[in-house]
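The values are calculated or read from the model by the stated rules, or taken from the named source; none is laboratory data. As the structure is a prediction and not an experimental result, all values here were calculated from the model. Note that we place each Cβ from the backbone using ideal geometry, even for glycine, and neighbour counts take in every protein chain shown.
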Amino acid sequence: MAVTGLGKVRNKRKQEEVEEVEKGPFAGVVDLEMHSEDEAEDEDREGDDASDDGDVDEFPEIDAASDSDEESDEEEEEEEEEEEEEEDDADDLDEEDTLDENSDADSDLHIFPKSKKVVSNITGQTKVVYPEIEPDYDSDSSTEDDPNRVGNIPMHWYDDLPHLGYNINGKRVLRPAKGDELDRFLQTVEDPNSWTTAFDKNTQMDKPLSAEELDIIRRLQAGENPDAEYDPYEPTIEWFTGKGKEEVMPLSSAPEPKRRWLPSKWEKQKIMKIVRAIRQGRIVGSKPSAADKKQQFYAIWNEPPSNQPPPLPAPKPKLPTNSESYNPPEEYLPTEEERKQWENTDPEDRERDYLPHNYSALRLVPAYDQFIKQRFNRQLDLYLAPRIQRVKLNVDPNSLLPKLPSPNSLRPFPNYKSLQFMHTKARVRCLSISPDGAWVASGDESGVISLWEVNVGREVKRWNLGSKVGAIEWCPRLDACFLVAGTEERLHFFIPPNISPAMLTTTQSILAPATLPPTTQSSIKWISTSGAAEDGPILTIELPSASGLSRQLTWHRKGDYLASVSSSETQGSVWMHQISRRHSQAPFKKIKGAVQMVLFHPTKPHFFVATQRYVRLYNLAEQKLLKTLMPGIKWISSMDVHPSGDHIIVGGYDRKLCWFDLELSEKPYKVLRYHSRAIRSLHFHPTYPLFASSSDDGSIQIFHARVYSDLMTDPLIVPLKILRGHDVQEGLGVLQIKWVNKQPWLVSAGADGSVSMWCS
Amino acid sequence: MGRLKQKGKAGAAKTYITRSSAVKKLQCSLADFRRLCILKGIFPREPRHKKRANKGSTAPTSFYYAKDIAYLAHEPVLNKLREHKAFAKKISRALGRGEWSTAKNLEDNKPVYRLDHIIKERYPSFIDAVRDIDDALCMIHLFASLPSNPRVSPALIENCVRLTAEWQLYVMHTRSLRNVFLSIKGVYYQAEIMDQNVTWLVPYQFPQNIPSDVDVRVMLTFLELYQTLLGFVFFKLYTDAGLVYPPPLDSGRDESGAGVGAFNLRPVNPAATGGPTSDTPKVSSKEVRQTIKSITAESSSVPPNDVDIDRTDSFHDAAEEEFVPQASKSDLDVPSSLPTLLSLSSLPKLSSTNIFAPYTFWLSRESSRSIFEFLIRSFGGRIGWPVSSGGGSPFTEDDEAITHVIIDRPTAKGDTAQEQERRRRRKYVQPQWVVDCINAGKILLEDLYAQGKTLPPHLSPFGERDGAYDPTIGLANVENSLIEVDDAELSEDSQEVEDVEMGSELEGDVKSMAALAVATADDPEALRAAELAAEAAGVDFGTFEKEVQKKQKQQKHKGDAVVNGGGEEDMNKILMSKRKRQLYERMKYGEKKRAAEHAKLEEKRTKIEKDRRRKARAS
């Protein structure tokens, strides 16, 4: 590249020379007219050249008298010599001169011949003179230096070849030996001038750059003219202006036009248009922007406010309390575990957004790192949170409780456990109390029925049936005394021991009469064993097979009819048994839903059937449905009728207890939910205004339930007492409760195998 | 038969509108919608039935009143926002094409919205605005302390600083500061403006950076609104106080770091300026006597001559600061002679707003000047500070008038003679003294707060909720229980001794007798009889008495247990309706929680006290 650059420079040089040569005569021609000034200018120019070397002179004012000798003093010695030489043989440029030149060029390692500036004797101008070339053998001094003689050809032709081209003799010029990368690197390290060398394509070698070339590179980098001798600030040469150079004759004889001195009419019209627009306000000048930006405040509240109510102000944040102090009392400081707990909770769940901290001096209080975040949260609350206006209740919570008579004024009710009877083997499913209130029969899941005294809890009799006992019910007849127990697909009738002989005979005559009534068409068998067998049941009713455990038994108040409910889901789960006729029948041909429980109305020939969701009331005499009660319970577990027959309570496995007023509605009058587990059993006391509920949470809740005879007064329900004492086993708590007739006492059977007696 | 009702044509479906449909209706971007909501104070509502409001969908959305959105649709600011959108397009095009002059022209005519009408709408009367400036003040104070960044321009911060200074000047001028609380979050101030309590929180002076999870756009929108609101509120407050708004800023003093002092309050009527000098004797004559009395009673160490000079000095200053409206009497035609806030404020004030009037304070360099200059000056005191805390101090440290030095350093040894002399003359107090004095409304004893002492706890002047634990009155209870504890310990000790002396049978005797006495309850006769019996058995009266007390206590505890335990009271809630029961349970829950908190604090306190006593006894 450098080489091609050099070539160019050389060309330019030649052109300049040509120009110089051409200029010469012209300048000379003009010079003929004006002597002195031109001289001075020339000298000026030379002075300029000299000043490039270092000294700065005043530019135009140089004495006309100053001659070349003076300026030569300022120049370097070499040039001085040259100058002298030039002056010596200025007229003719002879051989010696050129020889000198050549030797000069050799010593300086100049590629191109050294030029000379010479003041022409003819024109008095400076000119650049190159040495003459002698066309003899030695004239080309570069013969030895330049080994490559392939000519000016694109070198890439030989890129893939071992040679570079052909010399003048047609021999191949071989590529000079090139070291490998390491050699090249070592060379760059060793040679201090390596950074000023460049690759020459023609010779295929690295060549050091000459001082001129480096200078050219520097100039190109600096964006200057690459020619060191080019002066861009040459003083202009005035040819036509100045004293004595005026044109005497005008160039044109045309008269000067009017527009040169008259103001323009059209411009005036245009201006007037704008002026008019400004006057009329159609053109408005731009407003001063600075004043526009500045907010001006004024008395905005001086006018009366509008009638509209102001929007509700945002709620204010809470004022800080003692714990937020930088120096709070010591008790506000969190303990280690409180601190840990605070740190472990999520920021949203924290009760306070800061931890109290104690600083002994105000200067020690650091910046609060959550400050901006908390301000931001407040703003989010202001514009993103829905606001609800809440009435703040400033009442004592106890005033919300309903006013009820005190339990103490409603005595007697059971409030303590007086005795406990244990079934050791299994949980007690059922129990029943004799109509005279002296005996309790309790049956457990292992098939044992125990008969024991209410007062002391002494067991007097034990029957072992061998299969699960699902229900026990004592016959309500007072002239006879027996009980019935329901097991898998069988109902067993037992006569308790130690009863009066008269009563025993009536009972035996009822259960095992000497003359059997005529047998009726029924799938159910009545089997009487002889009355002598004291250990076994006196009578057994065999329910149809696959009817399952008889879950519930209930007697009509007269003690002749017995209804049983089996656990099977089939249609024949309810049976009505008539003792006197030894006859059983299924009252319902078809019934919707699984029957959970049945009950006789205490006074009327009505029959309650509780299915899973509904309670239906049938009239047995007319054989029709009277009512369907909808307690809204998912699964009914138990039910009981108030002795008056107008109210029933229904309990469910979903913990709800519904009180129905049969006169009032098919929807419950009251729904209570107070047990934490499913309700298992409900019972109204036959004489006292009490009822109780038991649940799988192991507790028994006693209520006072007063029903008024007039229809206007609502029944009064008062919770009296929670009896706890049964353990919860396998999720089962108190399975059945029964009141003792004529006494405010309660007997409860639990899944833990205990039967408890609760007394007032 | 009436017309068929169509679904979604009435009721909740019509009243509420979801946010996305609101944005669609207003034809603006969500960001613009947010901005509008912030400026107009519109917030989402919670419909009673979300499903009905959202046309059967239960997706989580926020709802607005449809009328609120209709109200937004007529908002001039919305139009301006649309114009701004067009402007943004135009200017980006001009910039993209390199049409600089067009861009400049556009920039000059940039649409700018004003919030004046919004202020008037949101706060129809001035009192509404005053009621709602709490948040605005907090924000202004926060931004005044923030460093500027590309999002928060220096001009904005400068404006916030100016607003804070104006507010502080007003509060100082009207002496309306009431309570101060140094909390870990910052300093809470409460002032009473037009019978409204205005509370604001100022962060401690540290550079803070906006965390990355905070949306600066939202904060800046709020700030925009707050700046305008405060401008109008201050204008009204200043003009009502007969002052020029905005107060002129002395740029020279501002550059020297004078802070609040760089502004000077100027009365509206320039003729009034001549007044104050002639008024000074009137103001001071009575109060001077009063305060001299209090000072002589307070300390005899300070030479009385000094105090006199000091006093007149301070009053002079106070009078200069207050532009007492008597001057306006000279020209009656001026309308400001009507009873304005200014004239009302010049009525004899509560003494508590002037508690620092007789004193001159020097603030040492480690205490924050911005806090204490504001506090002392709003309670009538004079305060000076070293140059390191900023320029504009009215006096230097060696001023003879200085009575108190607010210092927050531990005591250093090796005082020079001059310093010792100063220490003798002046009272060195910790900064908390100033705040506690303000909250107490009187000058407290300085000894508790002397330099280097452990400070008494700093309590919130805003009080706690009713029935919450109160560390001040809780003392009596704690004392009692402590005494009981001590007694119990002592009696145990003594009983052991007795055991050794008398043997066990007598002990049992005493106990049974005491039990008898207690069992017969409050009957004095029975007690007397038991006493006699004990005496006969040879038990001395002291032990008998103790035994009786112990038994009584036990019985009381038992009684409490009977009353509280069992949950029989709660049984009545079986019969409550579901709603009422839930309400009751919530209330009970809250009550229980508060009680537990209270008990926990009390327990901690007893423990702390006990430890302290034990330590004291041991040492």
Reported set for region B:410-419 where residues are within 20 Å of B:Glu366 (Cα to Cα), loosely packed, with under 12 Cβ neighbours inside 10 Å and not acidic (Asp, Glu) is B:Pro410, B:Ala412, B:Lys413, B:Gly414
Among helices (runs of 4 or more DSSP H) entirely within region B:1-85, at least 2 residues that are in contact (Cβ under 8 Å) with a residue 60 or more places away in the chain occur in B:30-40
Going through region B:179-228 in order, the residues found to be more than 7 Å from every other protein chain (Cβ to nearest Cβ), among the small types (Gly, Ala, Ser) and within 18 Å of B:Val435 (Cα to Cα) are B:Ala191
Only one of A:Ala705, A:Ala749 is away from every other protein chain (no Cβ under 14 Å), part of a strand (DSSP E or B) and of a type outside the set (Val, Ile, Thr), namely A:Ala749
Scanning region B:361-395 residue by residue, the ones that are surrounded by fewer than 19 Cβ atoms within 10 Å (Cβ to Cβ) and out of contact with any Phe, Trp or Tyr (no Cβ under 9 Å at 6 or more places or on another chain) total 5
Those residues of region A:317-342 that are touching a residue at least 12 places away in the same chain (Cβ under 8 Å) and out of contact with any strand residue (DSSP E or B) (no Cβ under 9 Å at 6 or more places or on another chain) come to a total of 7
Of those in region A:367-376 that are assigned to a loop (DSSP other than H, G, I, E, B) and more than 7 Å from chain B (Cβ to nearest Cβ), the residue nearest to the chain's Cα centre (by Cα) is A:Gln370
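Let's see how each residue does on (1) in contact (Cβ under 8 Å) with a residue 12 or more places away in the chain; (2) farther than 24 Å from B:Arg178 by Cβ:
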residue: B:Trp362; (1), (2): yes, yes
residue: B:Phe379; (1), (2): yes, no
residue: B:Gly384; (1), (2): yes, yes
residue: B:Val387; (1), (2): no, yes
residue: B:Ser393; (1), (2): no, yes
residue: B:Glu400; (1), (2): yes, yes
residue: B:Ile407; (1), (2): yes, yes
Subset of region B:192-246, residues crowded, with 18+ Cβ neighbours inside 10 Å and on the phi > 0 side of the Ramachandran plot, comes to B:Gly242
Conditions (1) crowded, with 18+ Cβ neighbours inside 10 Å; (2) modelled with pLDDT under 95; (3) among the β-branched types (Val, Ile, Thr) -> B:Val112 fails only (1)
Subset of region A:453-474, residues part of a strand (DSSP E or B), touching a residue at least 40 places away in the same chain (Cβ under 8 Å) and either in contact with a His (Cβ under 9 Å, 6 or more places away or on another chain) or not β-branched (Val, Ile, Thr) (or both), comes to A:Trp463, A:Ala471, A:Glu473, A:Trp474
The correct count of residues that are of a type in the set (A, V, I, L, M, F, W, C) and buried (at least 22 other Cβ atoms within 10 Å of the Cβ) in region A:464-480 is 5
Matching residues in region A:403-419 (part of a strand (DSSP E or B), away from chain B (no Cβ under 14 Å) and under 60 Å from the mean Cα position of the chain (by Cα)) number 1
- Message: Condition first: within 12 Å of chain B (Cβ to nearest Cβ) and farther than 30 Å from B:Asn197 by Cβ. Can you find one or more residues in region A:239-252 that meet it?
- Response: no
From the option list B:Arg122, B:Arg162, B:Arg151, B:Arg114, single residue qualifying as of a type outside the set (Ser, Thr, Tyr) and within 7 Å of chain A (Cβ to nearest Cβ) is B:Arg122
Is it the case, given these coordinates, that A:Ser306 is surrounded by 11 or more Cβ atoms within 10 Å (Cβ to Cβ) and outside any loop (DSSP other than H, G, I, E, B)? no
### Message
Checking the structure you have, find out if any residue of region A:543-555 is closer than 26 Å to A:Ser665 by Cβ and not in a loop (DSSP other than H, G, I, E, B).
### Response
yes
- Query: With respect to B:Arg45, is the statement that it is in the same structural domain as B:Tyr16 (by TED's automatic domain parsing), surrounded by 14 or more Cβ atoms within 10 Å (Cβ to Cβ), of a type in the set (D, E, K, R) and closer than 29 Å to B:Phe222 by Cβ true?
  - Reply: yes
Fill in: B:Thr228 vs. criteria out of contact with any Asp or Glu (no Cβ under 9 Å at 6 or more places or on another chain), in a helix (DSSP H, G or I) and not basic (Lys, Arg)
no
>> Any residue that is surrounded by 18 or more Cβ atoms within 10 Å (Cβ to Cβ), in a loop (DSSP other than H, G, I, E, B) and either more than 39 Å from the chain's Cα centre (by Cα) or more than 9 Å from chain B (Cβ to nearest Cβ) (or both) - is there at least one of those in region A:377-389?
In response: no
Restricting region A:342-359 to residues that are hydroxyl-bearing (Ser, Thr, Tyr) and more than 7 Å from chain B (Cβ to nearest Cβ), the one surrounded by the most Cβ atoms within 10 Å (Cβ to Cβ) turns out to be A:Tyr359
If we keep only residues of region A:298-316 that are in contact (Cβ under 8 Å) with a residue 24 or more places away in the chain and more than 8 Å from every other protein chain (Cβ to nearest Cβ), then the residue farthest from B:Ile127 (Cα to Cα) is A:Pro315
Subset of region A:641-685, residues free of Cβ contacts under 8 Å to residues at least 24 places away in the same chain and among the basic types (Lys, Arg), comes to A:Arg673
For region A:615-640, pairs from a residue that is part of a loop (DSSP other than H, G, I, E, B) to a residue that is surrounded by fewer than 13 Cβ atoms within 10 Å (Cβ to Cβ), with Cβ under 6 Å and 6 or more apart or across chains, are A:Leu620/A:Pro605; A:Ala621/A:Pro605
When (1) loosely packed, with under 11 Cβ neighbours inside 10 Å; (2) of a type in the set (S, T, N, Q); (3) away from chain A (no Cβ under 14 Å) are applied to B:Asn79, the one that fails is (1)
If we ask which residues in region B:404-444 are assigned to a loop (DSSP other than H, G, I, E, B), of a type in the set (A, V, I, L, M, F, W, C) and modelled with pLDDT under 90, their number turns out to be 1
Exception for A:Gly531 within (1) within 23 Å of A:Ile510 (Cβ to Cβ); (2) at pLDDT 85 or above falls at (2)
